[in-house]
Amino acid sequence: MTIARTWVFPILRILLFAAVAIALVKIAFFPDVVEDNNPAVPSAEIVEPQIEVTLGTVQNDVSLSGTVNADSAVPVPATLSGEVQQIFVKQGQKVKKDARIVLLSAEVINDKGEVSTQTRTVRATKSGTISSLTALKGQTFAIGEPLAQIAPSSFSISGSIPPEQLYRLLKQPKEAQVTINGGPAPFTCTGLAITSPLEGATDENGESAGGGPTVSCKVPKGVRVFAGLTADIVITGGIAENVLVVPMTAVEGVAETGNVYVVVDGAEPELRAVTLGLNDGINVEIVEGLEEGETILQFVPGAQSGGPDDGMGGEECFDDGSGNIICEEPVR
């Protein structure tokens, strides 16, 4: 123990102090060399999301909101300029087409100057209910003046359609599927018509018939509805199966023609014109311009990625420098 206290412990203390001193000198005068980052060389690389052109199915359904309307009343015009001799109906009475409405009579002069009495029975132009009866016995009417109005028992459904949605209807549909809110089971509404008011056109009140395109169709007989009910209208514009499909976010333009950006190895993306077919609001059919397996940019350059319908949530993607692709929400 005397030798340890005299020699061993003092030597160990000296070695320990020497090691600490060397470490302090190293830290103070010889720090680790850190490679300076060149600010001109980016440490991360922005990568445009890409997608491969594949086969798929596009079902083109246009959904609208509509309202049930009673069909407009039909006038019963006078077919002879003369006096009302007899009235065969009452207001509120139901009539069938060709039913007698009124009897008109008029005195006419023939080529010989002889006076004679001519009579004419005015008949219903459509089945329905007499909603208005303006004819009175002894009253005189000119040809074409309305003697009565007949309200048909039929109904139609109409709704507004945004003009841009008309591009999705490549062919004029003839029917639509309708669901009455709180009503019967869904049914097929026939006689579908899409109309736009002509410049300068007026409505039945003489006011300007403004507004955009409207869709209307006839409620089939046997379906019980009431005027004022709301409805959901689905117009099937067609279905394309086993066709080339890309996201609409990848295309400049959404109808008939468009542009996509094809990925080229070692070069900038190539702008290429394509012919478009059906779209469902998310994907669009490529008729010409691309082949299966080609890679294109998922988003048009300069456009905001991750729109409300593409499910991308507005993410931005980049290479972290080690080959890993990281996507994160952009700072707003």
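Taken together, the values in this text are just the output of simple stated rules run on the coordinates, not laboratory data. The structure displayed is predicted, hence computed values, not measured ones. Methodologically, a virtual Cβ is constructed for each residue, glycine included, from the backbone with ideal geometry; neighbour enumeration extends over all protein chains shown.
Once fully extended, how much extra length lies between Ser132 and Glu241, figured as 0.36 nm per residue of separation less the alpha-carbon to alpha-carbon distance?
Contour length minus Cα-Cα distance gives 33.9 nm.
Multiply the residue separation of Ser81 and Leu15 by 0.36 nm, subtract the distance between their alpha-carbon atoms, and state the gained length in nm to one decimal.
Using 0.36 nm per residue and subtracting the Cα-Cα distance, I get 10.3 nm.
Sorted from fewest to most neighbouring beta carbons within 10 Å, what does the list Thr249, Thr54 look like?
Taking fewest neighbouring Cβ atoms as first place, the list is Thr54, Thr249.
Taking R0 as 56 Å, what FRET efficiency do you get between Gln50 and Ser154 from their Cβ-Cβ distance, rounded to the nearest 0.05?
According to the calculation, E is roughly 0.55.
Assuming R0 = 25 Å, can you tell me the calculated FRET efficiency for the pair Leu170 and Ser196, based on Cβ-Cβ distance, to the nearest 0.05?
E(calc), rounded to 0.05, equals 0.90.
Using a 10 Å cut-off around each Cβ, can you sort Tyr261, Tyr167 from fewest to most neighbouring Cβ atoms?
With the sparsest Cβ surroundings first, the list reads Tyr167, Tyr261.
What share of Cα pairs, in percent, lie more than 15 angstrom apart in the range 74-151?
Above the 15 Å cut-off, the range 74-151 has 51 percent of its Cα pairs.
How far apart, in nanometres, would the label points at Leu24 and Gln139 be if each is projected 7 angstrom from Cα along the Cα-to-Cβ direction?
Using points 7 Å along Cα→Cβ, the separation is 12.0 nm.
Arranged by the count of other C-beta atoms within 10 angstrom, fewest first, what order do Lys97, Lys218, Lys90 take?
Lys90, Lys97, Lys218
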